[in-house]
1. Go through (1) over 30 Å from LEU151 (Cβ atoms); (2) free of Cβ contacts under 8 Å to residues at least 40 places away in the same chain; (3) in a helix (DSSP H, G or I) and name the single condition GLU292 misses.
2. Pick from ARG102, ARG47, ARG81: which is under 18 Å from ARG214 (Cβ atoms) and either buried (at least 24 other Cβ atoms within 10 Å of the Cβ) or touching a helix residue (DSSP H, G or I) at 6+ places or on another chain (Cβ under 8 Å) (or both)?
3. Would you mind stating whether ALA275 is assigned to a helix (DSSP H, G or I), touching an Asp or Glu at 6+ places or on another chain (Cβ under 8 Å) and surrounded by 13 or more Cβ atoms within 10 Å (Cβ to Cβ)?
4. Given the conditions (1) within 21 Å of PRO232 (Cβ to Cβ); (2) touching an Asp or Glu at 6+ places or on another chain (Cβ under 6 Å); (3) among the small types (Gly, Ala, Ser), and given that ALA141 satisfies all but one, which numbered condition is not satisfied?
5. When the range 156-168 is examined, which residues are found to be in contact (Cβ under 8 Å) with a residue 24 or more places away in the chain and at negative phi?
6. Out of everything in the range 79-122 that is in a loop (DSSP other than H, G, I, E, B) and touching a residue at least 40 places away in the same chain (Cβ under 8 Å), what residue ends up being nearest to ILE177 (Cα to Cα)?
7. Farther than 16 Å from PRO232 by Cα, surrounded by 21 or more Cβ atoms within 10 Å (Cβ to Cβ) and among the small types (Gly, Ala, Ser): is that true of ALA64 in this structure?
8. Go through the range 123-135 residue by residue and tally those that are in contact with a helix residue (DSSP H, G or I) (Cβ under 8 Å, 6 or more places away or on another chain) and either without any contact (Cβ under 8 Å) to a residue 40 or more places away in the chain or outside any loop (DSSP other than H, G, I, E, B) (or both).
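The values are calculated or read from the model by the stated rules, or taken from the named source; none is laboratory data. Here the structure is a predicted model, which is why all the values come from computation and not from measurement. Every residue, glycine among them, receives a Cβ derived from its backbone with ideal geometry; neighbour counts consider all protein chains shown.
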Amino acid sequence: MRTYSLMAKAEFGEDEFAEIDGYRLHYVEAGKGPPVLLISGSFSTYRAWNPLLPILAKEYRVLALDYLGTGDSDKPRSGFRYSIGEQADVTAKLIRFLRLGRAHLVGASYGGAIVFNLAARHPEVCAKIVSIEGGILRSKALPSAPLEKWLGYPVLGDLAIALIRTGWFNRLAMQVIAGDWFQSMTKAERRRALDEVSFNTRSATRNAWYWIGRSPQTLIPFEEEAKRITAPILYLAGKKSDFREMTAETIRFLDAHLPHAKILNYEDGIHDLQAQKPYEVAKAIREFLALES
């Protein structure tokens, strides 16, 4: 097997690689039992799941993925546009390659949209799905993303990425991501969040970040397929999230077309619920996965 270099060895679990469609995919694996695949949010590495990994690995074979464009996975400069559908297709092939059968899928934000897409378009690889503030519709109700405009220009975008990778803006980025949670964060939580942002920015590339940022616009509609999802669904949302309007759209869709979905709203929850409330989120996931279908 080919040997790959790593930004840093996994804190928990074992670093693994697979080649799918000629692309290198990195993931961290821990535990034994039914497979659970974790897919993080926009621009994030698998490290977004570090607080949950040891908890879920007590009962499950957990695989936390660096999807294409992040972490130690490949970041193709052409031939791949980092759309939700493309990421879902690659992930479905990874599940088949690893012979996981039907895996439980857990995704946050961008990853939460990917797991919906997987369940809709690749139902044969899905057991249960958990989406944390993921979307189904091509929503217009999203926060503005000024960085996207800069990344669209090669010279200015490369300069922006070079500045991002210096780490100078990590603390500011961490505060923006934390939102209302920032004021109540403990020192340990701030340190953990800052470390995660540091790894995210160290692996940044202009092309990948530009197209990941544009994923709401490049999304090929899959509402009709989504209406036929039969996999059990758990949807988690935060009432203080910057994506409240988008999650409200998703909840209305679930209520109208997938009434079997279980929805949990957190009164003080932000967009990155898995970071803000790792133990509560892990508990909700474990209880949901343990239910008989």
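1. Single failed check for GLU292: (3).
2. None of the other options fit; the residue is ARG81.
3. Criteria met by ALA275.
4. Exception for ALA141: condition (1).
5. Answer for the range 156-168, where residues must be in contact (Cβ under 8 Å) with a residue 24 or more places away in the chain and at negative phi: GLY157, ASP158, ALA160, ILE161, ILE164, ARG165.
6. SER109
7. yes
8. Residues that pass the stated criteria total 7.
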